[in-house]
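A quick write-up on the structure given underneath.
The values are calculated or read from the model by the stated rules, or taken from the named source; none is laboratory data. Here the structure is a predicted model, which is why all the values come from computation and not from measurement. Here the Cβ positions follow ideal geometry from the backbone for every residue, glycine too, while neighbour counts run over all protein chains shown. The accessibility values were calculated without ligands, DNA or RNA, using every heavy atom of the protein model including side chains. Shrake-Rupley method; radii C 1.70, N 1.55, O 1.52, S 1.80 Å.
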Amino acid sequence: QVQLVESGGGLVQPGGSLRLSCAASGMIFSFHVMGWYRQAPGKQRELVATIVKEGSTNYADSVKGRFAISRDSDKNTVDLQMNSLKPEDTAVYFCSAQYYGANYWGQGTQVTVSS
């Protein structure tokens, strides 16, 4: 059974940085796409960033230039480096992975940006 486990969330002041990590277990092949989504209270889940196995990335406009996604395809891990954090980045962040139409999600990690 495939499981995704996120780590690295927490409380940070505006302008600060956090690094989220996600590790997959139960999968012997490399996921085609891995990424991060977030859901703020009262809002729908939205894409933050994705990265395909070959390395191409895609970012939400709201995080371009501040966030950087990276992955280790051999280990099926994906990280999200978040810099210059803003209060509007506060949300639960979910790791996602896709393999031939199957989509997997982690349980989420809370990121709170507040002074």
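Filtered by the rule that a residue be in a loop (DSSP other than H, G, I, E, B) and surrounded by 12 or more Cβ atoms within 10 Å (Cβ to Cβ), segment 1-12 gives 2, 8, 9.
Hey, does segment 14-23 have a residue that's of a type in the set (Lys, Arg), within 12 Å of residue 93 (Cα to Cα), open to solvent by less than 40 Å² (accessible area, probe 1.4 Å) and touching a residue at least 12 places away in the same chain (Cβ under 8 Å)? Among the residues of segment 14-23, not one is of a type in the set (Lys, Arg), within 12 Å of residue 93 (Cα to Cα), open to solvent by less than 40 Å² (accessible area, probe 1.4 Å) and touching a residue at least 12 places away in the same chain (Cβ under 8 Å), which makes the answer no. The residue that is nearest to residue 82 (Cα to Cα), among those in segment 28-41 that are at pLDDT below 95 and surrounded by fewer than 16 Cβ atoms within 10 Å (Cβ to Cβ), is 41.
Of the numbered criteria (1) aromatic (Phe, Trp, Tyr); (2) at pLDDT below 95; (3) within 15 Å of residue 3 (Cβ to Cβ); (4) open to solvent by 60 Å² or more (accessible area, probe 1.4 Å), the one residue 105 fails is (2).
Selection within segment 66-93: residues that are β-branched (Val, Ile, Thr) and touching a residue at least 40 places away in the same chain (Cβ under 8 Å). The member of this set that is least open to solvent (accessible area, probe 1.4 Å) is 78. The residue list 63, 2 contains one member that is closer than 26 Å to residue 114 by Cα and touching a residue at least 24 places away in the same chain (Cβ under 8 Å), which is 63.
Scanning segment 42-61 for residues that are assigned to a loop (DSSP other than H, G, I, E, B) and of a type in the set (D, E, K, R), which turns out most open to solvent (accessible area, probe 1.4 Å)?
Let us first name the residues in segment 42-61 that are assigned to a loop (DSSP other than H, G, I, E, B), namely 42-45, 53-56, 60-61.
Those left that are additionally of a type in the set (D, E, K, R): 43, 45, 53-54, 61.
Working: 43: 139, 45: 97, 53: 102, 54: 154, 61: 127 Å².
Restricting to residues being assigned to a loop (DSSP other than H, G, I, E, B) and of a type in the set (D, E, K, R), the top hit is 54.
On the basis of being more than 23 Å from residue 103 (Cβ to Cβ), charged (D, E, K, R) and part of a loop (DSSP other than H, G, I, E, B), does residue 64 make the cut? Against the criterion (more than 23 Å from residue 103 (Cβ to Cβ), charged (D, E, K, R) and part of a loop (DSSP other than H, G, I, E, B)), residue 64 qualifies.
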